[in-house]
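Novice: Dropping a structure here in structure tokens format, bear with me for questions.
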Amino acid sequence: MSDGRRIALTFDDGPSRWTCPLLDILAAHDARATFFVIGSTVDGQADLLRRMVAEGHEIGNHSWSHPHLARDCEDDRVREELERTNTAVEAVVGSPMRRFRCPYFDVDKRVEAIAAAMGLAHTPGTIKLHDWDPLLSSSALSAAVLDLARPRSIIALHDGIPAHEVEKRFDSRDATVEAVAEFVPRLRDRGYEFVTASKLLDRRGDD
């Protein structure tokens, strides 16, 4: 399939109890995704991370503790946040990550340069939905994706909740799971192929 019919589905803030249901949905529709994980949540999730890789998904770096990297972190802190997560994930899956995404999309050239020295490229989102908003239903989320999706879109959703935001964000990603179950098959019917962020953005992803 040509690059023009590819689309990238990405998830931030996991792994969590919502990650496995999402993997089940993706497997049912032969879809791939990129999961940007918070390093501090990786402990005890080895089987889940290995399943991601075994099923053709990509794991990306979403920092260790989910801070605003550009706004609040000096160089050493940025480096530590990314390095700790790199180490934790690589120890489980045995291969380095290629991509990262700053929490809150709070990125600048300084952060990108620090990450690039570790072999990490930042991953944008062209469709960024507030699926953390409890007032946004699964049907509204799905309708938004179906309306906004274009060839080479990068859909940014969440499969977890940062520990320091549980009360703020409410303890559920059920609407996200339900929305993915609705829009993935419909976009597949439109001829889209769901690929990893690296496969969409970086030719090395075809390796």
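The values are calculated or read from the model by the stated rules, or taken from the named source; none is laboratory data. What you see is a predicted model, and the numbers here were worked out from it, not measured in a lab. Backbone-built Cβ (ideal geometry, glycine too); neighbour counts: all protein chains shown.
Novice: Can you name every residue in the range 161-186 that is among the small types (Gly, Ala, Ser) and modelled with pLDDT of 95 or more?
Specialist: 175, 179, 181
Novice: Looking at the range 1-114, what strands (runs of 3 or more DSSP E) fall wholly within it and have at least 3 residues that are surrounded by fewer than 22 Cβ atoms within 10 Å (Cβ to Cβ) and among the basic types (Lys, Arg)?
Specialist: none
Novice: Kindly list the number of the only condition in (1) over 21 Å from residue 192 (Cβ atoms); (2) modelled with pLDDT under 95 that fails for residue 1.
Specialist: (1)
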